[in-house]
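The values are calculated or read from the model by the stated rules, or taken from the named source; none is laboratory data. All figures in this text were calculated on a predicted structure; none of them were measured in a lab. Positions of Cβ are generated from backbone atoms using ideal geometry, with glycine treated the same way; all protein chains shown enter the neighbour counts.
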Amino acid sequence: MSRPDLNPVALHPGVIAFHQPPGGWFVSNAGLVAGRDAALQIDTFATEPLNRRLETAIDAYLEPGTRRTVALTHAHGDHAHGAGRLAAAGTTILATPPAAGEVLSGPHTYDFLFSCDWGAIDPPSGISPVTEPRDLDLGGTSVTVVPVPGPAHTHGDLVVWHAESGTLFTGDLLFLGVTPLALAGSIAGWLEALTWLETFGATTYVPGHGPVTAAADDPVADVREYFEWLREAVAGSADFAAIEAAARARWPAWGAGERHGVNARIAYAQAHGVELDFPAGVRDLLSSAAAHGEPMTETGLIRLDL
Ligand SMILES: [Zn+2]
């Protein structure tokens, strides 16, 4: 597979989503809201080459010298690894305090799972913490950076809301057409956050992974259905392989199906108040991916041919 396309999707004047299909491991989305005087970038990408391409694509939408801010929806590298490059160029970086702490202690590359030439992904020297909704006046339009009230995909998620166009950049609260990954947060909290997402009344969702989707297609319901199904599945069973097989059968079109087994382990641990067997979860991920002809290195970065 060659490197993914950026697929800029113009949603409204100055509002752009950058969608990298197919949306699997480290293949994430980013966004831009640009006003007359300033611009907010939503998220960065996983590697230096990908971030250079994103920066070039964004430059094409902005007047030279436009004041820039970047909001990191959470700390995962596929969303945050470009923050250091941008900060070095004078860009302000926003994140929730838990996400800021994790980014600043990085970069985190999970070498036990991934093999990749990351390039320059050093973290920024500082991040401006967002602890409550923050409006940014961009000149002629404004945008709001809103921390998610509780743990969800991670313990420090945020979303970006452009009310004028009804666009909600959800970060990884929404994985669309690709299996969500619940390794870093709370499944119960994630379900609450999905209900909270709907209170914005968005017309368009830009997910963290997967295509831009109209609210009329109710993509939030797809993610909710998955986690409710998963919680029901682990209520009376710890047969994670069987749960994974059932999930693969139920959502056959979703990429990164190797995540079902580890998601089931996490759902089980959280529902029953027991400790997650993390090494076993990692073994599940690797063996499941290999068994389905999707070695992690091939669903991950090495296939990007960077
Ligand atoms: Zn994530």
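What to note about this one:
- Every condition in (1) more than 24 Å from D157 (Cα to Cα); (2) out of contact with any Asp or Glu (no Cβ under 8 Å at 6 or more places or on another chain) holds for G35 except the one numbered (2).
- Condition met for L11 (more than 20 Å from L176 (Cβ to Cβ) and either of a type in the set (K, R) or crowded, with 16+ Cβ neighbours inside 10 Å (or both)): no
- Just so you know, in segment 65-111 the residues that are among the polar types (S, T, N, Q) and touching a Leu at 6+ places or on another chain (Cβ under 6 Å) include one that is farthest from the ligand (Cβ to nearest atom), and it is T69.
- Test result for G208, of a type outside the set (A, V, I, L, M) and assigned to a strand (DSSP E or B): yes
- Filter result for T195 (β-branched (V, I, T) and either part of a strand (DSSP E or B) or within 18 Å of E102 (Cβ to Cβ) (or both)): no
- Qualifying residue in segment 43-57 (condition: more than 30 Å from A253 (Cα to Cα), assigned to a loop (DSSP other than H, G, I, E, B) and of a type outside the set (A, V, I, L, M)): no
- Pairs with Cβ under 7 Å, 6+ apart, first in segment 16-37 and of a type in the set (D, E), second part of a loop (DSSP other than H, G, I, E, B) and more than 16 Å from the ligand (Cβ to nearest atom): D37/L138; D37/G139
- Residues satisfying the stated conditions in segment 149-181, i.e. closer than 22 Å to G257 by Cα and more than 15 Å from the ligand (Cβ to nearest atom): G177
- Number of positions in segment 38-50 that are within 23 Å of F175 (Cβ to Cβ) and in contact (Cβ under 8 Å) with a residue 40 or more places away in the chain: 8
- Enumerated strands (runs of 3 or more DSSP E) restricted to segment 64-173, each holding at least 3 residues that are touching a helix residue (DSSP H, G or I) at 6+ places or on another chain (Cβ under 8 Å) and at pLDDT 95 or above: none
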